[in-house]
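*Asks:* Got a structure for you, written out below as structure tokens; questions coming shortly.
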Amino acid sequence: NMFIDDLYNDQRILEAGVVPKSLLEASKNFLPECKGVKPKNGVWAHICGSDLVRDHHGTVYVLEDNLRVPSGVSYMLENR
């Protein structure tokens, strides 16, 4: 949620060069209409499943980000 909020508001991650601005501008999934939007409680995405790994230097990498449909989420929702 902090990442999405930054992309649609302060865009510090773009200014720091962590994410190239051209990548965001070329994305069909980025909605310029949402710039400046502040959703209730800062929740842009209610469910997200990300696979993270740490290499031998301690750097953390995202292997996969399942923001749209995290695998296994239906089991969690069904059990609620």
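*Asks:* From the Cα gyration tensor of the chain, with a ≥ b ≥ c the square roots of its eigenvalues, which class applies: rounded if a/c is under 1.5, or else prolate if a/b is larger than b/c, or else oblate? If you can, show how the numbers build up before the last one.
*Replies:* Working: a/c = 2.03, a/b = 1.16, b/c = 1.74.
Cα axes put the chain in the oblate bin.
*Asks:* Here's another thing I want to ask about it. Which whole-number percent is the relative contact order of the chain (Cα, under 8 Å, 6+ apart)?
*Replies:* 23
*Asks:* Pull out the extension gain between Thr59 and His46, defined as 0.36 nm times the separation in residues minus the alpha carbon to alpha carbon distance; nm, one decimal.
*Replies:* On the way: separation 13, 0.36 × 13 = 4.68 nm, distance 2.66 nm.
Full extension of this stretch gives 2.0 nm more.
*Asks:* Just want the answer: with Cβ charges of +1 for Lys and Arg and -1 for Asp and Glu, which residue in Ile13, Pro39, Phe3 is farthest toward the dipole's positive end in the chain?
*Replies:* Looking along the dipole axis, the top candidate is Pro39.
*Asks:* Sticking with this structure for a sec: Looking only at Gly58, Gly49, Gly17, which one moves most when the chain is put into a Gaussian network model with springs between Cα atoms under 10 Å?
*Replies:* For the chain, modelled as a Gaussian network with Cα springs under 10 Å, the answer is Gly58.
*Asks:* List every residue whose amide H lies under 5 Å from the amide H of Gly49, counting only residues 5 or more places away in sequence or on a different chain, with H placed 1.01 Å from N in the peptide plane.
*Replies:* Asn66, Leu67
*Asks:* While we're looking at this one, here's another question. In nanometres, what is the gap between the two model label sites at Val37 and Glu25, each 7 Å from Cα along Cα-to-Cβ?
*Replies:* Using points 7 Å along Cα→Cβ, the separation is 2.2 nm.
*Asks:* Roughly speaking, to the nearest percent, how much of the chain's 1.4 Å accessible area is carbon and sulfur?
*Replies:* On the way: 3650 of 6810 Å².
The computed percentage sits at 54.
*Asks:* Right, here's the next one. Given a 1.4 Å probe and the protein chains all in place, what does the accessible area of Glu33 round to, in Å² to the nearest 10?
*Replies:* Approximately 140 Å² of Glu33 is accessible to the 1.4 Å probe.
The values are calculated or read from the model by the stated rules, or taken from the named source; none is laboratory data. Keep in mind the model is a prediction, meaning the values are calculated, not measured. No Cβ is skipped: glycine too gets one built from the backbone with ideal geometry, and neighbour counts run over all protein chains shown. Side chains are part of the model used for accessible areas, which takes the heavy atoms of the whole protein and leaves out ligands, DNA and RNA. Shrake-Rupley method; radii C 1.70, N 1.55, O 1.52, S 1.80 Å.
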